[in-house]
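So the structure is just underneath, and the comments pick up after that.
The values are calculated or read from the model by the stated rules, or taken from the named source; none is laboratory data. Only a predicted model underlies this, so the values are computations on that prediction, with no experimental measurement involved. Cβ coordinates were reconstructed from backbone atoms using ideal geometry, including for glycine residues, and neighbour counts include every protein chain displayed.
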Amino acid sequence: AQSVTQLGSHVSVSEGALVLLRCNYSSSVPPYLFWYVQYPNQGLQLLLKYTSAATLVKGINGFEAEFKKSETSFHLTKPSAHMSDAAEYFCAVSDGGGNTGKLIFGQGTTLQVKP
Amino acid sequence: KAGVTQTPRYLIKTRGQQVTLSCSPISGHRSVSWYQQTPGQGLQFLFEYFSETQRNKGNFPGRFSGRQFSNSRSEMNVSTLELGDSALYLCASRGQGYNYGYTFGSGTRLTVV
């Protein structure tokens with residue numbers, strides 16, 4: 001069965017510093033992986049997705065993630081944090097490949113950005 | 001292009017009552033999935049509908065049910081509400097093809113008192 005582990009429930013960085021949010025997955029089939037962001041009292045917004053094309057995926061708001069099969073990882077990075085990046089971030093894997101509407105989510109990582 | 005619309009945004013219900021939540025997907029999207037989000041359990045999959053048929057179901061009791069109409073709009077129903085059903089309920093729609101992501105609505109915040 002597919003699963004996702006996000007390392008670190010809280011991450012704190014200074015404005016302008018590198019953001020690194022970690023995600024490891026377990027999947028019995030080639031995975032489809034996603035990163036979502038959630039602001040308070042809102043739904044989930046898709047940042048980026050990996051669907052077996054390029055291993056380095058660029059998303060919105062300057063975020064990117066690299067798929068590393070050997071490490072079963074899909075870490076999210078941003079070179080320079082902005083105050084507006086403070087939110088909760090979720091990594092997810094599509095259960096059973098791409099032809100399903102079921103996503104398995106990690107527990108989330110809250111990103112704090114200090115001025 | 002309109003996003004995924006969920007109504008209502010907030011609901012307060014009494015234990016034992018039932019509730020119906022609505023989700024209108026992005027135009028042209030035929031797949032609609034529902035998720036429950038709580039602080040303790042995180043985001044959990046409830047069910048998925050595609051062309052009016054339930055295609056997948058999560059590990060929730062039978063009190064949780066759903067349906068999808070011919071225009072792809074979906075509803076979920078929770079009967080005999082319990083305090084533990086208090087949560088943010090999120091709906092997501094998806095287009096055809098493996099490269100399509102899942103677009104989420106803003107959710108319905110259900111509080112059971």
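Only one of the numbered conditions (1) of a type in the set (Phe, Trp, Tyr); (2) touching a helix residue (DSSP H, G or I) at 6+ places or on another chain (Cβ under 9 Å); (3) within 8 Å of chain B (Cβ to nearest Cβ) is not met by A:Phe90, and that is (2). Scanning the stretch B:17-44 for residues that are surrounded by fewer than 20 Cβ atoms within 10 Å (Cβ to Cβ), closer than 15 Å to B:Arg63 by Cβ and of a type outside the set (A, V, I, L, M) yields B:Gln17, B:Gln18, B:Thr20, B:Gln44. Scoring A:Ile60 on the criteria (1) in contact (Cβ under 8 Å) with a residue 12 or more places away in the chain; (2) buried (at least 19 other Cβ atoms within 10 Å of the Cβ); (3) out of contact with any helix residue (DSSP H, G or I) (no Cβ under 7 Å at 6 or more places or on another chain) leaves a single failure, condition (2).
Hey, A:Gln107 hits all of (1) out of contact with any Asp or Glu (no Cβ under 6 Å at 6 or more places or on another chain); (2) within 8 Å of chain B (Cβ to nearest Cβ); (3) at pLDDT below 95 but one; which does it fall short on? With respect to (1) out of contact with any Asp or Glu (no Cβ under 6 Å at 6 or more places or on another chain); (2) within 8 Å of chain B (Cβ to nearest Cβ); (3) at pLDDT below 95, A:Gln107 is out only on (3). Highlighted here are the strands (runs of 3 or more DSSP E) found entirely within the stretch B:1-55 that include at least 2 residues which are closer than 21 Å to A:Val37 by Cβ and touching a residue at least 60 places away in the same chain (Cβ under 8 Å): B:5-7, B:31-38. Meeting the requirement of 2 or more residues that are aliphatic (A, V, I, L, M), the strands (runs of 3 or more DSSP E) wholly within the stretch A:26-104 are A:33-38, A:44-50, A:56-58, A:87-94.
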